[in-house]
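Enquirer: Here it is, the structure in full.
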């Protein structure tokens, strides 16, 4: 899965998208100008291949929301955690509605899934996670994420949890550094991994591991680790969904070498699909290196990520459900609970 440079496909991108090892596209803000333009771009990508390519985006809300004009501005999910501390049932309802709204608006333009929800813990340590996490307590994260996923599913979209086994307790940002978590494995199992374990039980379809080294278990980042992906995730937690690598262009990913080596290391460790973002040369290098690669099990898992049939953008926005969801999501931004110290 790789990204695009602009709002229209280039000839080079069309060639790359037709490559048999290309499985999907991840979109960013630079690929969006308007609802009409975005829909046309997605339609053109879908027309290139049968079966069609997966199309994804990061539309978490808060500071990680790629599309704005024409899409509802979503609050950072940490706000749901603040509400949860004072009214759990209301927070669950808000989480489900927010998950539905996010997914419904993306499905209306043809996007298959968002890399959401974040299942990390907000421990006041990681600046790159921060308010992208629902809460600091594992049970609360699992509860809110479950209801968020219920809303997504109702809109025709599967959920992908990140960043396994937990990015919330390291200060460094894996985009620019290689974070190292030196905690005992038991602490990670009993805290950070709880939301992942619960969400797997609830039917989580995808997981993205962290570019973090957990020295208690392995000297490789989790996304390159046979231990974390094959032993813990597949065998112990019995996860049967898709494992995505995090972006192989991130600084923390370069411990494996060049782009071809990074991709092969991630696939050997147990990833089903590797992501290369913001580096077209790296993406081409990976495609060329994987010419003969085959993994029927991964292909089967990936087919389950296609979004279900959904109403188009005009029909969605004419619906009472969408109008009520927008009003609710906009209203809890100013909830008095958010001003309380939790």
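Enquirer: Looking at (1) within 25 Å of residue 26 (Cα to Cα); (2) touching a strand residue (DSSP E or B) at 6+ places or on another chain (Cβ under 8 Å); (3) surrounded by 17 or more Cβ atoms within 10 Å (Cβ to Cβ), which one does residue 264 not meet, given that it meets all the others?
Expert: Going through (1) within 25 Å of residue 26 (Cα to Cα); (2) touching a strand residue (DSSP E or B) at 6+ places or on another chain (Cβ under 8 Å); (3) surrounded by 17 or more Cβ atoms within 10 Å (Cβ to Cβ) one by one, residue 264 breaks only (2).
Enquirer: Quick test for you: out of 270, 223, 282, 203, pick the one residue that is on the phi > 0 side of the Ramachandran plot and buried (at least 18 other Cβ atoms within 10 Å of the Cβ). Even if it seems obvious, please write down each step before you answer.
Expert: Values: 223 fails: on the phi > 0 side of the Ramachandran plot; 282 fails: on the phi > 0 side of the Ramachandran plot; 203 fails: buried (at least 18 other Cβ atoms within 10 Å of the Cβ).
Only one candidate qualifies: 270.
Enquirer: Would you point out the residue of the range 127-140, among those that are in contact with a helix residue (DSSP H, G or I) (Cβ under 9 Å, 6 or more places away or on another chain) and assigned to a loop (DSSP other than H, G, I, E, B), that is surrounded by the fewest Cβ atoms within 10 Å (Cβ to Cβ)? Give the steps one after another, and end with the answer.
Expert: First, pick out the residues of the range 127-140 that are in contact with a helix residue (DSSP H, G or I) (Cβ under 9 Å, 6 or more places away or on another chain): 130-140.
Right, trim to assigned to a loop (DSSP other than H, G, I, E, B) and you get 133-137.
Working: 133: 27, 134: 30, 135: 24, 136: 16, 137: 18.
Among them, the one singled out is 136.
Enquirer: Looking at residue 30, is it out of contact with any helix residue (DSSP H, G or I) (no Cβ under 8 Å at 6 or more places or on another chain) and touching a residue at least 24 places away in the same chain (Cβ under 8 Å)? I'd like the intermediate steps shown before the answer.
Expert: Values: out of contact with any helix residue (DSSP H, G or I) (no Cβ under 8 Å at 6 or more places or on another chain): yes; touching a residue at least 24 places away in the same chain (Cβ under 8 Å): yes.
The answer is yes for residue 30.
Enquirer: Oh, and also: Consider residue 199 carefully, then state whether it is at pLDDT 95 or above, closer than 18 Å to residue 122 by Cα, part of a strand (DSSP E or B) and within 17 Å of the chain's Cα centre (by Cα). Can you show your working first?
Expert: Details: at pLDDT 95 or above: yes; closer than 18 Å to residue 122 by Cα: yes; part of a strand (DSSP E or B): no; within 17 Å of the chain's Cα centre (by Cα): yes.
In short, no.
Enquirer: Which residue pairs have Cβ atoms closer than 6 Å, lie 6 or more positions apart in sequence or on different chains, and pair a first residue in the range 93-121 that is at positive phi and surrounded by fewer than 24 Cβ atoms within 10 Å (Cβ to Cβ) with a second residue that is at pLDDT 95 or above and not in a strand (DSSP E or B)?
Expert: 110/42
Enquirer: For residue 41, state whether it is touching a strand residue (DSSP E or B) at 6+ places or on another chain (Cβ under 9 Å) and within 16 Å of residue 247 (Cβ to Cβ). Break it down stepwise before answering.
Expert: Working: touching a strand residue (DSSP E or B) at 6+ places or on another chain (Cβ under 9 Å): yes; within 16 Å of residue 247 (Cβ to Cβ): no.
So residue 41 does not fit the description; no.
Enquirer: Of all the residues that make up the range 1-44, how many are part of a loop (DSSP other than H, G, I, E, B) and within 18 Å of residue 66 (Cβ to Cβ)?
Expert: The first filter runs over the range 1-44 and keeps only residues part of a loop (DSSP other than H, G, I, E, B), leaving 1, 3-10, 18-23, 28, 32-34.
Filter again for within 18 Å of residue 66 (Cβ to Cβ), leaving 1, 3-9, 28, 32-34.
Number of matching residues: 12.
Enquirer: Same structure again: Consider residue 67 against the criteria (1) in a helix (DSSP H, G or I); (2) over 25 Å from residue 136 (Cβ atoms): it satisfies all of them except one. Which criterion is unmet?
Expert: Only one criterion is unmet by residue 67, namely (1).
Enquirer: Failed condition for residue 190, given (1) surrounded by fewer than 22 Cβ atoms within 10 Å (Cβ to Cβ); (2) in a strand (DSSP E or B), with all others met?
Expert: Failing condition for residue 190: (2).
Enquirer: Taking residue 232 as the residue in question, decide whether it is closer than 18 Å to residue 115 by Cβ, in contact with a helix residue (DSSP H, G or I) (Cβ under 9 Å, 6 or more places away or on another chain) and touching a residue at least 24 places away in the same chain (Cβ under 8 Å).
Expert: Details: closer than 18 Å to residue 115 by Cβ: no; in contact with a helix residue (DSSP H, G or I) (Cβ under 9 Å, 6 or more places away or on another chain): yes; touching a residue at least 24 places away in the same chain (Cβ under 8 Å): yes.
So residue 232 fails the test.
Enquirer: Could you go through the range 257-277 and let me know if any residue there is within 29 Å of residue 5 (Cβ to Cβ), in contact with a helix residue (DSSP H, G or I) (Cβ under 6 Å, 6 or more places away or on another chain) and in a loop (DSSP other than H, G, I, E, B).
Expert: yes
Enquirer: Would you be able to say whether some residue in the range 210-217 is surrounded by fewer than 17 Cβ atoms within 10 Å (Cβ to Cβ), farther than 28 Å from residue 54 by Cβ and touching a helix residue (DSSP H, G or I) at 6+ places or on another chain (Cβ under 6 Å)? Explain how you work it out, then say what you get.
Expert: The first filter runs over the range 210-217 and keeps only residues surrounded by fewer than 17 Cβ atoms within 10 Å (Cβ to Cβ), leaving 215-216.
Cutting the leftovers down to farther than 28 Å from residue 54 by Cβ gives us 215-216.
Among the residues that remain, those that are also touching a helix residue (DSSP H, G or I) at 6+ places or on another chain (Cβ under 6 Å) are: 216.
Checked against the condition, which is being surrounded by fewer than 17 Cβ atoms within 10 Å (Cβ to Cβ), farther than 28 Å from residue 54 by Cβ and touching a helix residue (DSSP H, G or I) at 6+ places or on another chain (Cβ under 6 Å), the range 210-217 yields at least one hit.
Enquirer: Of all residues in the range 278-312, how many are touching a helix residue (DSSP H, G or I) at 6+ places or on another chain (Cβ under 6 Å) and either under 24 Å from residue 30 (Cα atoms) or part of a strand (DSSP E or B) (or both)?
Expert: Start the filter on the range 278-312 by keeping residues that are touching a helix residue (DSSP H, G or I) at 6+ places or on another chain (Cβ under 6 Å), which leaves 282, 285-286, 289, 307, 310.
Going one step further and asking which of them are either under 24 Å from residue 30 (Cα atoms) or part of a strand (DSSP E or B) (or both), we end up with 282, 285-286, 307.
Result for the range 278-312: 4.
Enquirer: Continuing with the same structure: Hey, can you tell me all the residues within the range 190-214 that are in contact with a strand residue (DSSP E or B) (Cβ under 6 Å, 6 or more places away or on another chain) and free of Cβ contacts under 8 Å to residues at least 40 places away in the same chain?
Expert: Taking the range 190-214 as the starting set, the residues that turn out to be in contact with a strand residue (DSSP E or B) (Cβ under 6 Å, 6 or more places away or on another chain) are 196, 199, 204, 206-214.
Of everything in the range 190-214, just one residue is in contact with a strand residue (DSSP E or B) (Cβ under 6 Å, 6 or more places away or on another chain) and free of Cβ contacts under 8 Å to residues at least 40 places away in the same chain, namely 213.
Enquirer: Here's something else I'd like to know. Within the range 230-249, can you find the residues that are farther than 22 Å from residue 159 by Cβ and either at pLDDT below 95 or surrounded by 24 or more Cβ atoms within 10 Å (Cβ to Cβ) (or both)?
Expert: Selection gives 248, 249.
Enquirer: Give me the residue from the range 39-51 that is touching a residue at least 40 places away in the same chain (Cβ under 8 Å) and under 19 Å from residue 311 (Cα atoms) and, out of that set, nearest to the chain's Cα centre (by Cα). Step through it out loud before you land on a result.
Expert: So the first thing to find is which residues in the range 39-51 are touching a residue at least 40 places away in the same chain (Cβ under 8 Å), and the list is 39, 42-43, 46, 51.
Next, from what is left, pick out any that are under 19 Å from residue 311 (Cα atoms): 39, 42-43, 46.
Values: 39: 21, 42: 19, 43: 22, 46: 21 Å.
Ranking the qualifying residues of the range 39-51, first place goes to 42.
Enquirer: While we're on this one: Please go through the range 141-160 and pick out each residue that is surrounded by fewer than 24 Cβ atoms within 10 Å (Cβ to Cβ) and either in a strand (DSSP E or B) or out of contact with any helix residue (DSSP H, G or I) (no Cβ under 6 Å at 6 or more places or on another chain) (or both).
Expert: Within the range 141-160, 143, 153, 158 meet the criteria.
The values are calculated or read from the model by the stated rules, or taken from the named source; none is laboratory data. Fair warning: this is a prediction, and the values are worked out from it, not measured in the lab. Methodologically, a virtual Cβ is constructed for each residue, glycine included, from the backbone with ideal geometry; neighbour enumeration extends over all protein chains shown.
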